[in-house]
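Q: The structure is given below, and queries will be raised subsequently.
The values are calculated or read from the model by the stated rules, or taken from the named source; none is laboratory data. Since we're looking at a predicted model, the values are computed, not measured. Areas reflect the complete protein model, heavy atoms only, side chains present, ligands, DNA and RNA absent. Shrake-Rupley method; radii C 1.70, N 1.55, O 1.52, S 1.80 Å.
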Amino acid sequence: AHLELGSSFEKMGDYESALTEYNAAIAIAIDFPEAYFHSARILFKLNRLKEAEETYLQAIKLKGGDYPQAQNNLTVLYLSTNQIMKALESAKKTMKMDSGYAPGIVNMGVVYELMGDKSAAEDYYRKAAEKNPDYAMAHYRLGLLLSQAGELDEAQRELDRQKEVIVKLLTEALPDIKLKDAKLREVTPADLASIERILDRRVNAFGVAEPV
């Protein structure tokens, strides 16, 4: 019940109330990793980053060290605070937990891109798009990288694919709206965040399960 209430408050943007409910769930079941996971997500949104980090680590510990979503969100946290080496180690852990988890693969690419290794970044973005062709952010990151490299035709194909995925997801989630012929402008990470909230999914500026 507390998780459901927390989710409802979160969708309304009332993060403080959401956190209260998620923490109430923890108080009832102190070994419930999902409650820590959701609490950590809200702490991140509230910019309480040290608490968020500790809470994610507790969630991972309670999952026996195998919680790729939480580990990936830790990578996001480290990226958001420019802790690149910590982000790299976290991304490697995510890949070890689940080598096919597309948000984790994209984040590995983001880390390498920030480190200046654009070739490795491209490889990871391509791998993410291959593992999950409907993961829009993989196409977005790859398209931007190719554009910067001057490979404009392929870059445009990837950005077009990103838009197609978004239209597909929206028409599946909201069948009454007609978007099949919509001419979408280039979609930014902020746009993706809004769209994913509609779909009850979450991404962030780095294109990863924003704290999913």
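Q: Largest first and in whole Å, give the semi-axes of the stretch 82-142's equivalent ellipsoid, each being the square root of 5 times a Cα gyration tensor eigenvalue. Show your work: numbers first, answer last.
A: Numbers: eigenvalues 59, 37, 14 Å².
Three semi-axes, in Å: 17, 14, 8.
Q: So what's the convex hull volume per residue for the Cα atoms of the stretch 111-156, in Å³? If you can, show how the numbers build up before the last one.
A: On the way: hull volume 2.9 nm³, N = 46.
That works out to 64 Å³ per residue.
Q: Looking at this model, which pairs from Lys50/Lys127; Lys63/Lys131; Lys50/Lys131; Lys63/Lys127; Lys93/Lys131; Lys61/Lys86 are more than 29 angstrom apart at the alpha-carbon?
A: Details: Lys50/Lys127 32 Å; Lys63/Lys131 24 Å; Lys50/Lys131 32 Å; Lys63/Lys127 27 Å; Lys93/Lys131 18 Å; Lys61/Lys86 18 Å.
With Cα atoms farther than 29 Å apart: Lys50/Lys127; Lys50/Lys131.
Q: On average, how much area does the Cα convex hull of the stretch 1-120 cover when viewed from any direction, in nm²?
A: 7.4 nm²
Q: Carbon and sulfur together cover what percent of the accessible area of the stretch 3-74 at a 1.4 Å probe radius? Numbers along the way, then the final one.
A: Details: 1840 of 3470 Å².
The C+S portion of the solvent-accessible surface of the stretch 3-74 is 53 percent.
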